[in-house]
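Note sheet for the following structure.
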């Protein structure tokens, strides 16, 4: 069986090849290891192999891992749907939030970000495929949301995040990711981040400008769907 270190090496090679194929600068794409539902020991193994940025979807699970791994130099990203009653803990314990999709959540994160911490890096989640089951701001509402979030203290608006619908062809992936990039480029301000691309579509995402690819399965193996998912 391959180890997490082996998987990490393979994913980094994929990212490097896709970056080169897209004619982009080496190092312009960051790997976010999605460790949701995986034990703290898996994060520790990935850290030992050189990984530093980790993404979590479920708050209580993430907080438990952070406590267990407090001895490590890790950067934590929250990437799941955000309930209003979870914003205080997210503001206090994360460095990035990729899934801001409404102003109320952004305002709470801004108000609850501790003053001694640097501004919280945020990406706005856009529902690029129009799926009713997906979180995310509608593209037509994005400009107004970005203007409002960009004016909030305690936050640093960095860019957009998207989760396209699964099962698309390579061409469809490219078109969808290009739309996300165009939306980001059409916003006011110097936004430098595009959080898009996962294990099955990272090459297309990188070809269209992704700066963060969120990789779980290719690093940590398949999730166990026989167990209920943790609550947020």
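Can you give the extra length, in nm with one decimal, that the chain gains between residue 103 and residue 138 once fully stretched, where that is 0.36 nm per residue apart less the Cα-Cα distance?
11.3 nm
The rule of thumb for compact globular proteins, 2.2 N^0.38 Å, goes into the C-alpha radius of gyration of the range 100-178 1.24 times.
Here the scattering of the range 4-220 is modelled by Debye summation over its C-alpha atoms, one equal scatterer each and no solvent; at q = 0.13, 0.18 Å⁻¹ the log10 of I(q)/I(0) is -0.71, -1.38. Using the average count of surrounding beta-carbon atoms within 10 Å as a protection proxy, the listed peptides 84-91, 70-77, 166-173 rank, highest first, as 84-91, 70-77, 166-173.
Helical content of the chain, expressed as a calculated mean residue ellipticity at 222 nm, amounts to -11000 deg cm²/dmol (DSSP H runs of 4 or more residues, -39,500 (n - 2.57) each, divided by residue number, nearest 500). Under the criterion of Cα pairs below 8 Å and six or more residues apart, the relative contact order for the range 15-70 equals 32 percent. Relative contact order of the range 4-220, taken over Cα pairs closer than 8 Å and 6 or more residues apart, is 21 percent. As a rough guide to protection, the peptides 48-61, 104-117, 194-207 ranked by mean Cβ packing within 10 Å, highest first, stand as 194-207, 48-61, 104-117.
None of the figures in this text is laboratory data; all of them are computed from the coordinates on show. The model shown is predicted, which means the values in this text are computed figures rather than measured ones. All Cβ positions, even for glycine, are placed from backbone atoms using ideal geometry, and neighbour counts span all protein chains on display.
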